[in-house]
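Below is one structure; the comments refer to it alone.
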Amino acid sequence: MSTLRTEVERDLVLERKETVAEGVVLLTLSDAEGRPLPEWQPGAHVDLILRADLVRQYSLCGDPGDRSRLQVAVLREPKSRGGSSYVHDELSEGESVRIRGPRNNFPLVKAKRYLFIAGGIGITPILPMVAAVDARGADWRLVYGGRTRASMAFGETLQRAYGDRVSLRPQDEYGLLDLPSLLGKPQRRTAVYSCGPETAARGGRIRLREVVERSPARGALRREEGRHRPAAHDLRGRARPVRPDAAGL
Ligand SMILES: Cc1cc2nc3c(=O)[nH]c(=O)nc-3n(C[C@H](O)[C@H](O)[C@H](O)COP(=O)(O)OP(=O)(O)OC[C@H]3O[C@@H](n4cnc5c(N)ncnc54)[C@H](O)[C@@H]3O)c2cc1C
């Protein structure tokens with residue numbers, strides 16, 4: 001799936017900026033004239049052109065069916081070279097924000113079952129995905145890890161909306177996510193989507209990508225080679241293949 005033909009650059013207005021978790025602000029952007037915003041699908045992101053020399057990508061985390069606004073959630077990066085600190089400290093409601101996109105390197109494939117694994121701010125592209133698969137009546141589960149409950153944006157909302165399908169795993173209560181055991185044995189017709197910082201992996205030392213490659217899911221991931229080409233990415237943009245015939249719980 002390509003969103004290239006719908007990619008545009010335009011100025012929007014920051015309608016609302018609200019804190020949704022420790023260190024995370026949710027930005028709601030709309031068109032000053034009320035014109036419809038570009039179409040997008042779960043997994044898509046936009047570039048925020050904060051200044052000519054300061055462009056950062058943010059996953060769209062709102063409702064793709066709502067063409068009147070775009071929403072992104074931004075985590076304050078303590079060692080920021082400017083992007084997230086600009087969003088947190090300088091952007092104010094009512095200001096103009098230039099966006100480019102949307103584009104989608106993380107498209108949602110059709111599958112019978114889904115396992116979503118989110119670490120920290122990696123929850124953002126997963127939000128519209130779980131809404132879409134739930135509306136479709138698919139079987140799905142989300143495991144969401146983060147430092148503390150207070151730092152996990154949208155955690156309570158997800159749990160209220162979807163109950164047992166969502167497992168919140170704050171690190172200070174449960175330790176780091178044990179990805180190899182979450183991925184477990186390969187299970188047919190299950191798509192696995194994961195997004196989050198490397199530190200979401202056990203011990204903070206194992207990269208998500210390495211975990212996936214070491215897990216028993218790898219065989220199943222490979223079997224579907226060539227039929228589907230979606231990619232999962234971590235928040236630094238590294239990509240790995242995801243197949244709808246991957247591992248589940
Ligand atoms: C597709 C995509 C979607 C994304 N979605 C989201 C989202 O929904 N929400 C969100 O908060 N973020 C998201 N990000 C990350 C976001 O684009 C920014 O990278 C993030 O906000 C940090 O930007 P920054 O300028 O504040 O920090 P940066 O200055 O980019 O620093 C980020 C980290 O890189 C390290 N670093 C700094 N300089 C270097 C260097 N020269 N070499 C290596 N490492 C260095 C820093 O120490 C810091 O830990 C997404 C990224 C991608 C690619």
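Below are the figures for this structure:
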{"quantity": "Residue within the range 111-118 that is under 30 Å from Ser30 (Cβ atoms) and buried (at least 23 other Cβ atoms within 10 Å of the Cβ) present", "calculated": "yes"}
{"quantity": "Unique match (being in a strand (DSSP E or B) and either in contact with a Ser or Thr (Cβ under 9 Å, 6 or more places away or on another chain) or open to solvent by less than 20 Å² (accessible area, probe 1.4 Å) (or both)) among Leu37, Leu27, Leu91", "calculated": "Leu27"}
{"quantity": "Residue list for the range 96-124, restricted to those being assigned to a strand (DSSP E or B) and under 15 Å from the mean Cα position of the chain (by Cα)", "calculated": "Pro102, Arg103, Tyr114, Leu115, Phe116, Ile117, Ala118, Gly119"}
{"quantity": "Test: Glu77 is open to solvent by 80 Å² or more (accessible area, probe 1.4 Å) and part of a loop (DSSP other than H, G, I, E, B)", "calculated": "yes"}
{"quantity": "Top-ranked residue of the range 119-145 - restricted to ones that are touching a Lys or Arg at 6+ places or on another chain (Cβ under 8 Å) and touching a residue at least 60 places away in the same chain (Cβ under 8 Å), ranked as least open to solvent (accessible area, probe 1.4 Å)", "calculated": "Gly120"}
{"quantity": "Verdict on Leu127 being at pLDDT 95 or above and either within 8 Å of the ligand (Cβ to nearest atom) or part of a helix (DSSP H, G or I) (or both)", "calculated": "yes"}
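The values are calculated or read from the model by the stated rules, or taken from the named source; none is laboratory data. Keep in mind that this is a model prediction, so the values were computed, not measured. Reconstructed Cβ throughout: ideal geometry from the backbone, glycine too, with neighbour counts over all protein chains shown. Side chains are part of the model used for accessible areas, which takes the heavy atoms of the whole protein and leaves out ligands, DNA and RNA. Shrake-Rupley method; radii C 1.70, N 1.55, O 1.52, S 1.80 Å.
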